[in-house]
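Have a look at the structure below, then the notes.
The values are calculated or read from the model by the stated rules, or taken from the named source; none is laboratory data. Predicted model only: the values in this text are computed from it and were never measured. Here Cβ is always computed from backbone atoms with ideal geometry, including for glycine, and neighbour counts include all displayed protein chains.
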Amino acid sequence: MEIENIEKILAAAKDKRICIIGDVMLDIYMLGDVNRISPEAPVQVFDIMKNEPKLGGAANVGLNVKTLGANPFLIGVIGNDSEAHTLKKVMENLGQDTSGLITEENRPTTCKTRVIADSHHLLRIDSESKSEISKETEDKILDLLKSHSSDFDIMILQDYNKGVLTKSIISRIINFAKESGIRILVDPKFENFFEYKNTYIFKPNRKELEDAFGKKAKIESELVSLCKELIKKVNCENLILTLGGEGIKIFQSSDGDIKIDSFGTRARKVADVSGAGDTVISTIAVCLAGGASLQDSVVISNFAAGLVCEEVGIVPIENEQLKKYIAEHSSESKFIN
């Protein structure tokens, strides 16, 4: 893959509209030091030096779409609370549209607070609800989708099992997308895993795949068998399986035949895998919007995930940063088999 081709793909994706629907989150990073033990109990004392709010979940996918040069439209559900205010403020400061955020009373905004000292993740505190959104909120999501659907041909469904992507809304969105000619890319979780039928891309990681089937793939042939079984079950056009340090596999289904390609990991050093899955799905979406083939989109996303894994915390991938990184490692951007 030539760097000139990557530049053309990202340039063609500039300002292309991509819709993201799913569980939005606020990530708060409490950064500080631990130098002593409390006299009150045998626990460490954490001295806060900095408190950083960042976008997480589907909001992080939207941010990655934006930093790669495309134009995200995020649809999600928040509460009527201070975390929602902070989330909107962070999005606005980053130049993102917040009009797709739907407020549901008596529901907390999903917030994950990470306590980090000297690059070590000490603790995570979660505030969230996993209850399903109301029928009224589902209708609002469909109304938003219908009113903006002419703006995009790619949609990402980003599921973290926080209650936004219910069985009902999944079916309604997929049916609408099919009628509108919109390609759907799915990043699933355990609940409702098999509900995402007839999509363009289905992108689980290995653990999600094994948990969904209740089976551990001990050898390569068993893993491939599970993937083929999944393709039959959900009837996706393409299955992209992320394998952490082992890279990515693509399964392309066509007329009953399945073509398999594999890519090794691109991380030089792994500091934190948080957000790598978000990076993969958003990079693939942007590259497809820029006219790239599926294989090239996955190759580029693999480099992007490698970059993110070298950073501590959930960080977006920048357009220029990615192009520079790939240029430095362009000789590695070939298929493994």
Within the range 163-197, residues assigned to a loop (DSSP other than H, G, I, E, B), under 19 Å from the mean Cα position of the chain (by Cα) and of a type outside the set (Val, Ile, Thr) come out as 163, 165, 188, 189, 190, 191, 192, 196, 197
If a residue must be within 19 Å of the chain's Cα centre (by Cα), over 30 Å from residue 191 (Cβ atoms) and acidic (Asp, Glu), how many such residues does the range 7-33 contain? 0
Run residue 172 past the list (1) surrounded by 14 or more Cβ atoms within 10 Å (Cβ to Cβ); (2) of a type in the set (Lys, Arg); (3) out of contact with any helix residue (DSSP H, G or I) (no Cβ under 9 Å at 6 or more places or on another chain) and report the number of the one that doesn't hold. (3)
For residue 160, only one of the following conditions fails: (1) buried (at least 18 other Cβ atoms within 10 Å of the Cβ); (2) outside any helix (DSSP H, G or I); (3) without any contact (Cβ under 8 Å) to a residue 40 or more places away in the chain. What is its number? (3)
Looking only at the range 170-181, count every residue that is in contact with a strand residue (DSSP E or B) (Cβ under 8 Å, 6 or more places away or on another chain) and either of a type in the set (Phe, Trp, Tyr) or in contact (Cβ under 8 Å) with a residue 40 or more places away in the chain (or both) and tell me the total. 1
What are the residues in the range 284-317 that are small (Gly, Ala, Ser), over 15 Å from residue 245 (Cα atoms) and either assigned to a helix (DSSP H, G or I) or at pLDDT below 75 (or both), if any? 285, 289, 297, 313
Before we move on, is residue 75 surrounded by 19 or more Cβ atoms within 10 Å (Cβ to Cβ), of a type in the set (A, V, I, L, M), touching a Gly at 6+ places or on another chain (Cβ under 8 Å) and at negative phi? yes
Complete set of residues in the range 216-226 that are part of a loop (DSSP other than H, G, I, E, B) and crowded, with 16+ Cβ neighbours inside 10 Å: 217
The range 9-62, subset in contact (Cβ under 8 Å) with a residue 40 or more places away in the chain and among the acidic types (Asp, Glu), residue surrounded by the most Cβ atoms within 10 Å (Cβ to Cβ): 27
Here is a check on your reading of the model: is residue 76 under 27 Å from residue 160 (Cβ atoms), in contact with a helix residue (DSSP H, G or I) (Cβ under 8 Å, 6 or more places away or on another chain) and modelled with pLDDT under 95? no
With the requirement that a residue be assigned to a loop (DSSP other than H, G, I, E, B) and closer than 27 Å to residue 17 by Cβ, what does the range 118-151 give you? 133
Might you check whether a residue that is part of a strand (DSSP E or B) and either among the charged types (D, E, K, R) or at pLDDT 95 or above (or both) occurs anywhere in the range 227-239? yes
Out of 82, 134, I need the residue that is without any contact (Cβ under 8 Å) to a residue 40 or more places away in the chain, hydroxyl-bearing (Ser, Thr, Tyr) and farther than 17 Å from residue 25 by Cβ. Which one? 134
Confirm whether residue 75 is farther than 30 Å from residue 115 by Cβ and either without any contact (Cβ under 8 Å) to a residue 12 or more places away in the chain or in contact with a Cys (Cβ under 9 Å, 6 or more places away or on another chain) (or both). yes
Of the residues 20, 37, 48, which single one is on the phi < 0 side of the Ramachandran plot and in contact with a helix residue (DSSP H, G or I) (Cβ under 7 Å, 6 or more places away or on another chain)? 20
